[in-house]
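Here the structure is laid out as structure tokens; the discussion comes afterwards.
The values are calculated or read from the model by the stated rules, or taken from the named source; none is laboratory data. All values reported here derive from a predicted model rather than from experimental measurement. Neighbour counts are summed over all protein chains in view; Cβ atoms, including those assigned to glycine, are modelled from backbone coordinates with ideal geometry.
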Amino acid sequence: MTSTLPEVAHPTQVRRARDVRRVGLALLFVFLLAGGTGLLGTRTGETSATSGDWSIVVTHPTWSRAGHAVRLEFEVRHRGGFDPARPVRVRFLSSYFDLFDENAFTPAPDKETSDDRYTVDEFTAPGGEVLLISVDTRIEPARQRGEAGEVAVLDEQGRVLVQASFRTRLLP
């Protein structure tokens, strides 16, 4: 007659299986703790550039996840104030915005043109020295990897006055 009970495991196998379960549970605990404390969420950073009287400060997500709402702002400064007779021309690397499901630019540009690489927005010159462009957006839900970004202020002939480059990375 054959037994229906499983064979008794060797004590070494029992210890090894127990140790593997403990390591697995410890890793699961660390992962849950990191998620619960926000370590796996969105991180925001600032990138800035200055050239002459012009400066740009970009507040952008440095790390995020698909579907997360993110903060994206472009602060353009001109020492001495903007010329009210000339629009402020801001050029964006178009491929960076493929990363987002954007809802709105505030303020909305007065004019927008694009080519195969860049989008150029023209804004009415604000009173004072600061133009703040805010983008209401979130990371596109289907995105699996980040993008490099670039923003520049252009003169009337399309020459770069100041430019800042930055990157957003995505976590799975």
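For residues that are charged (D, E, K, R) and part of a loop (DSSP other than H, G, I, E, B), scanning just segment 138-157, find the one that is surrounded by the most Cβ atoms within 10 Å (Cβ to Cβ). Looking at residues that are charged (D, E, K, R) and part of a loop (DSSP other than H, G, I, E, B), I get 143. Mind checking whether some residue in segment 1-21 is more than 27 Å from residue 169 (Cα to Cα) and assigned by TED's automatic domain parsing to the domain that holds residue 153? Looking for residues that are more than 27 Å from residue 169 (Cα to Cα) and assigned by TED's automatic domain parsing to the domain that holds residue 153, one finds none in segment 1-21, hence no. For segment 1-21, taking the residues that are under 53 Å from the mean Cα position of the chain (by Cα) and β-branched (Val, Ile, Thr), the one that is surrounded by the fewest Cβ atoms within 10 Å (Cβ to Cβ) is identified as 12.
Considering only residues in segment 22-45 that are modelled with pLDDT under 90 and among the hydroxyl-bearing types (Ser, Thr, Tyr), the one that is surrounded by the most Cβ atoms within 10 Å (Cβ to Cβ) turns out to be 42. Whenever a residue of segment 62-88 is of a type in the set (Ser, Thr, Tyr), its partners that are assigned to a loop (DSSP other than H, G, I, E, B) and surrounded by fewer than 20 Cβ atoms within 10 Å (Cβ to Cβ), lying with C-beta atoms within less than 7 angstrom and at least six residues away or across chains, give the pairs 64/42. Within segment 110-130, being out of contact with any Ser or Thr (no Cβ under 9 Å at 6 or more places or on another chain) and either crowded, with 18+ Cβ neighbours inside 10 Å or hydroxyl-bearing (Ser, Thr, Tyr) (or both) holds for 123, 124. Suppose we filter 70, 76, 135, 160 for residues that are outside the structural domain of residue 31 (by TED's automatic domain parsing), crowded, with 18+ Cβ neighbours inside 10 Å, under 21 Å from residue 50 (Cα atoms) and of a type outside the set (Phe, Trp, Tyr); which single one remains? Unique residue meeting the criteria: 76. A count restricted to segment 143-170 and to residues that are more than 15 Å from residue 94 (Cα to Cα) and out of contact with any Phe, Trp or Tyr (no Cβ under 6 Å at 6 or more places or on another chain) stands at 11.
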